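Have a look at the structure below before the remarks.
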Amino acid sequence: MDEGSIRKRREVQNGSIDHTEDCQAEDPKPIKATVLQKDVGLFSGICLIVGTMIGSGIFISPKSVLLYSGAVGPCLIVWAACGVLATLGALCYAELGTMITKSGAEYSYLMEAYGSVPAYLFSWTTVMVLKPSAFAIITLSFAEYASTPFYPSCTPPVLVTKCLSAAAILLIVTVNCLSVKLANYVQNFFTAAKLFIILVIVVAGIVMLAQGKTENLSDAFVGSSTSFGAIGLAFYNGLWAYDGWNQLNFITEELKDPFRNLPLAIIIGIPLVSVCYVLVNVAYFTAMTTTELLQSPAVAVTFGDRVLYPLSWIVPLFVVFSTFGAANGSCFTAGRLAYVSGREGHMVKILSYISLRHYTPSPALIFNGILAICYIIPADINTLINYFSFATWGFYGLSALALIVMRFTKKDLHRPVKVPIVIPVLMVIVSCYLVLAPIIDKPELEYLYCAIFILSGLILYYPLIHLKVKWAQKIMSPITMHLQLLMEVVPPEKIE
């Protein structure tokens, strides 16, 4: 290293020069601005929505929805109603996303409508718990399906499942850190794979119906549940399978022509998923009774063994593809939320930095991956799903309410998409029901823990963000500098 390079390196370490300008001075070639690039088109946007929504839910949740709804008829109604709710919610987000063209989804909308504190509480809860726990849940499902063929006579050991889940997390985080386009290619491939296996299941179900195997669909409402809380839990589990309808709003800044592609991707993607889900459940009931479906450890695999033999092996293979693709989509969007909240000062600044080589929010992606690995250690999937749904629908309701509030407080904002106000009103009511019904029907401590955790963010907010205490900045400055040098990341440029 020559004397000039040594001097420059010392200046960087002392914080006396801007790292971005230094890199630009050394490279005579024109380089792109150090911001996240607009690499996501309409097709990739649709694949992100479809690929994230269709994960493990349709292959696992049919049991949970049937268990709480009590019969075939209510089960199918719940699946269809969940599709309608997801579509209505996404239409609200289409208006919000084209009105506020910032990444971060609910975070940006809560910030605009209510101010800093609600937005911070959302980012605190979502970045620290909801996103990494969802990532962990999906990769655990992936690991269960991937390891089952190697243990035909028993359940895969927990250690094997969790190690495989951790390996999947590391692989997905690495792919997303290397390239946005590579992550999009991965997402598109696995979305095509999951749509293929759904088509196979649906066609097999149609053939069985044509052969007259409708006995499991007769008397479809016998044994239906009438419990207020049970219906709420049925919707919980159904909507877990539909979760992902808002994922494109997390990457609005990376969308090509968001005013066109955001609403169009929503209109195409979510009805497609809804139709697939209802038809897949009908196919399941042509091959299995309600008791057999509830007793099945993996509904899709049991269906394949009964209907597709000797090609039944393709079902678990494509379910592995499906869960891997959903995990990739979850990781992709989670990194953007941490990036945006770090950029706004609600998380540590290093999370808002961008890789100088790959133009990805690699610190945010790595942070999300580390938390996800922590969550798979003690994780119980059912507990995490209930915890995840409880908090998530609270924030969905606040976002729908934000749309109503801004109709009156932000009248001057340009709205390329404008939905009837009855839709966000309905979403607020449904969100309140989904949050309160299970608590009223069966109070559990996990709901209290969730509320305490959300509010505990205020303990950090007041001194670190509101007061901006100097001792915290003194601690974080050298840590940020060394992490910046280690990961070769820089602050994003401000583009007007």
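The values are calculated or read from the model by the stated rules, or taken from the named source; none is laboratory data. These numbers come from a predicted model, not from an experiment. Glycine gets a Cβ as well: all are built from the backbone with ideal geometry, and neighbour counts include every protein chain shown. Surface areas here come from the heavy atoms of the whole protein model, side chains and all, with no ligands, DNA or RNA. Shrake-Rupley method; radii C 1.70, N 1.55, O 1.52, S 1.80 Å.
The residues listed here are Ala168, Ala193; of these, the one that is surrounded by fewer than 21 Cβ atoms within 10 Å (Cβ to Cβ), of a type in the set (A, V, I, L, M), in contact (Cβ under 8 Å) with a residue 40 or more places away in the chain and assigned to a helix (DSSP H, G or I) is Ala193. Applying the criterion of at least 3 residues that are among the hydroxyl-bearing types (Ser, Thr, Tyr) and modelled with pLDDT of 90 or more to the helices (runs of 4 or more DSSP H) found wholly in segment 290-375 leaves 314-343.
Taking the numbered list (1) without any contact (Cβ under 8 Å) to a residue 40 or more places away in the chain; (2) under 17 Å from the mean Cα position of the chain (by Cα) in turn, Val207 passes all entries but (2). Any residue at all in segment 265-287 that is touching a residue at least 24 places away in the same chain (Cβ under 8 Å) and not in a helix (DSSP H, G or I)? No, because not a single residue in segment 265-287 is touching a residue at least 24 places away in the same chain (Cβ under 8 Å) and not in a helix (DSSP H, G or I). Considering segment 443-496, and only residues there that are of a type in the set (Ser, Thr, Tyr) and open to solvent by 90 Å² or more (accessible area, probe 1.4 Å), the residue that is farthest from Ser352 (Cα to Cα) turns out to be Tyr449.
Against the criterion of being in contact with a Leu (Cβ under 8 Å, 6 or more places away or on another chain), open to solvent by 10 Å² or more (accessible area, probe 1.4 Å) and either over 20 Å from Thr286 (Cα atoms) or not in a helix (DSSP H, G or I) (or both), Ala230 does not qualify.
Residues checked against (1) open to solvent by 10 Å² or more (accessible area, probe 1.4 Å); (2) closer than 30 Å to Ala472 by Cα; (3) out of contact with any His (no Cβ under 7 Å at 6 or more places or on another chain); (4) not small (Gly, Ala, Ser):
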site: Ser296; (1), (2), (3), (4): no, no, yes, no
site: Val299; (1), (2), (3), (4): no, no, yes, yes
site: Val315; (1), (2), (3), (4): no, no, yes, yes
site: Ser322; (1), (2), (3), (4): no, no, yes, no
site: Ala326; (1), (2), (3), (4): no, no, yes, no
site: Arg343; (1), (2), (3), (4): yes, yes, yes, yes
